[in-house]
Structures are given as C-alpha cells and as structure tokens.
1. Answer yes or no: is there a residue in segment 271-287 that is surrounded by 14 or more Cβ atoms within 10 Å (Cβ to Cβ), more than 28 Å from residue 362 (Cβ to Cβ) and modelled with pLDDT under 85.
2. Looking only at segment 302-319, which residues are buried (at least 19 other Cβ atoms within 10 Å of the Cβ) and within 17 Å of residue 337 (Cβ to Cβ)?
3. Which of (1) in a helix (DSSP H, G or I); (2) assigned by TED's automatic domain parsing to the domain that holds residue 143; (3) surrounded by fewer than 12 Cβ atoms within 10 Å (Cβ to Cβ); (4) not small (Gly, Ala, Ser) does residue 69 not meet, given it meets every other one?
4. Out of all the residues in segment 341-364, which are farther than 14 Å from residue 314 by Cβ, in contact (Cβ under 8 Å) with a residue 24 or more places away in the chain and part of a loop (DSSP other than H, G, I, E, B)?
5. Please go through segment 6-38 and pick out each residue that is under 18 Å from residue 182 (Cβ atoms) and surrounded by 13 or more Cβ atoms within 10 Å (Cβ to Cβ).
6. Does segment 113-128 contain any residue that is outside the structural domain of residue 285 (by TED's automatic domain parsing), touching a Lys or Arg at 6+ places or on another chain (Cβ under 7 Å) and more than 16 Å from residue 141 (Cβ to Cβ)?
7. Select from segment 79-103 the residues that are hydroxyl-bearing (Ser, Thr, Tyr) and either in the same structural domain as residue 291 (by TED's automatic domain parsing) or part of a helix (DSSP H, G or I) (or both) and list them in ascending order.
8. State all residues of segment 288-301 that are charged (D, E, K, R) and either modelled with pLDDT under 95 or part of a strand (DSSP E or B) (or both); if no residue qualifies, say none.
Amino acid sequence: MTFPDSRSPARTDESFRLQVDEEHHRDISPLIETGIGMVSMFPHDYMHLVCLGVTRKLLELWAGSTGPLRCRLPFKKVNQLSETLRSFKSHMPTEFARKPRSVEERHRWKATEYRQFLLYTGPVALFDILSSPVYNNFMLLYVAISILACPKLCVIFCDFAKTLLVSFVEHFGQLYGKDNLVYNVHGLIHLSDDVKKHGQWLDNISGFPYENYLGEIKKMIRSPQYPVAQVVRRISELENVVCRSDTQNETKLRKPHCDGPLPLHITWPVMQYKEVSLPHFCVKVFTGDNCICHDGVVGVVQNIIEFGGDPYLVYNEFTSCASFFDYPINSGQLGVFQLTDLSQELKCIKMNDAVTKYVLLPFRNKFVGMPFLHLS
C-alpha cells in the first residue's frame, strides 16, 4: 500500500470513531470504549519509522538493486562510501555503542547505527557520493530530524521541521517513484505533530529507551517459569533497596595524571584528569571525545583540571569556522560548521551546562563539527 497524497485531511479521533473511511476499518476496536484517542494517543515511533524505516530504505535504494537507476550508486561509489564510514571509527564518541560499519553490512545494522548515519556520519560521508538532487533530498530529512531531536531547536522550529518533512516526502516521490511512498515515508509528515503533542522532542516518544532496557529485563529472569512475576519481584527489590541519590547528576573526574598541558595563568595547586563525566555525556582528552563548543566557539580539549574546587577544560579553539551546507538552511543554524586552523593558544573554561559536546569528523583536509544530539 502506498500513500501518494501528502496533503490529504488528517484522520481524527472522531473520524476514526465514526469510521468515516470505511476501507480503513474491519470491525469496531474494543479500545474505543476506553475513551482512548485512537489517532491522537498513538504517536509514531521515531526508532522504527525514521531509523529502521526511512533511513534503511534510503540506503537500500542507493546501494541495493531496488532503486531507480538514476538514484542507484555504482559499485565503486558504494565502496567509497563504505571506506569513508569506516574511516570515521576513531572519531566517534564513547556514547556510540557501535562504530560505523560498511554499507555492505547494512542488513545487520541496528537502529542506533541508522540513527548515527542519519544524524552524524551521513551528511559528511554522502557529500561527494550522491548527486545533488538526491543529496538535497536526504538533507531535508537530516535537517528536520536534527531539529526534532534537539530539545532547544524543537521548541522554536517544530512547525518548520514539518514543512521540511512534507517537502522531503513529496520530493522523495518524484525521485524514487510514487510506488516507494509506503507507510513509513508517509508517516514522516505527522512526526512533528506527535512531538508537539506528546514529547517536546523526539527521544521522548522513541522506542530507544525501552529497547535499551530489554537487556536489563533479561537479566532479571533466572528461570523459565513465571517470567513476568520474576521481573516484578526484581523491580520491587530494586525500588526498596537501591536509594537513588543526587550523585547520579554529579560531575565526576576520572584518570588523574600530571603531564599537562596547562595555560600560563593557571597556578598550583591544580589536579589534572583525562576524563570528566556529566549526566548525559563525557569529555575526554582523546580523539572522538575531545571536541566541545562554548558560546559558539568550537575547540579541542587538551586537558581537564580541577582548580578552586571546580572542573575546567583546557582547549585549543578553531579559528576558522564556516558553513558546511546551505540547503535547506544554513548549517550554522543547527550548530554544524566546517572547521580549520586549530589555534596553538591554550584557553580555559569552566565545565558547566553551557558546554556542548561535539562530534568532529574529517572532511577534505578539514573537519566538520556537529552537536551531540541524543542522550546516552
């Protein structure tokens, strides 16, 4: 089944209850009697709809044998894309449980890998691979999902993200044919409305937290008899025994060392560390975890110190910062920059909520820096 019309009137709870679209119903759902909104209370799941759905479909259309010839990549470019993705391995932050794999292995990619490709590696790796119309179509999806995945941008630009998603779906049909406008692709036009109604931002209505917790649930089951009862007992035990304290939200310094570097104005005594952990991400002095942004300035962390009882980041900043793309918007509006010329001057800032972790990827003898969006 396909959905070629992206501007038809949306179904409502009332139209569903009255079964206005007779072809959509086979019987009366027993859930209607509960008073649940049969349309409004069932948001689309970002993990399945976007990551395992549309992003996987795009890769299959480009690298598989199902896409139109004008959009399909030759074998040489598929290999080039795979090599570029593999070259990003050492540049990926610790928060990514899986490092980039080749396109040939896409059938074994997990949802987090498709998310990684869409929000981080894809825009850079595909830059010299796809034709302009195909790349621009992908960027409509990338920008829209980046907005919806960012708590700050989502509040301001949620409606704009919907405009981008509608444009993506319509342009998608023109590029790949209307027979590829399946449910997952069509569902994108409702995603921003679901975010606005239910979640404020994408990760609040995604299946990722539940998927991640399945492993913990499996550990709670110790025998094949009465698995649900075992899970309930284990959770009750945890609630009674484990006292969750505010220490979970503390900034933690790890791996002390004494080999610098230090800014000239820093005087002893000072403790030095190689890692600092915050509730949702960590910063280290190693490649992949050492890029940060503060007040619009992107830099590379060289040391982490504790001075006067507070943690500070010692870093070099990039002195040349330009836009990476200008369609469908200027990349700077998303905080995405093309970076060159790392200064030799050491600077120091206090570690606080104003510091954002960045993903830093190599690109044409330069770097592309982009904000870390999803929470670990």
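The values are calculated or read from the model by the stated rules, or taken from the named source; none is laboratory data. Worth saying up front: this structure is predicted, and the values here are computed from it rather than measured. Glycine also receives a Cβ, built like all others from the backbone with ideal geometry; neighbour counts cover every protein chain displayed.
1. No; the residues of segment 271-287 include none that is surrounded by 14 or more Cβ atoms within 10 Å (Cβ to Cβ), more than 28 Å from residue 362 (Cβ to Cβ) and modelled with pLDDT under 85.
2. 315, 317, 318
3. Just one mismatch for residue 69, condition (1).
4. 354
5. 6, 11
6. Yes, segment 113-128 contains at least one residue that is outside the structural domain of residue 285 (by TED's automatic domain parsing), touching a Lys or Arg at 6+ places or on another chain (Cβ under 7 Å) and more than 16 Å from residue 141 (Cβ to Cβ).
7. 82, 84, 87, 90
8. The answer is 295, and nothing else.
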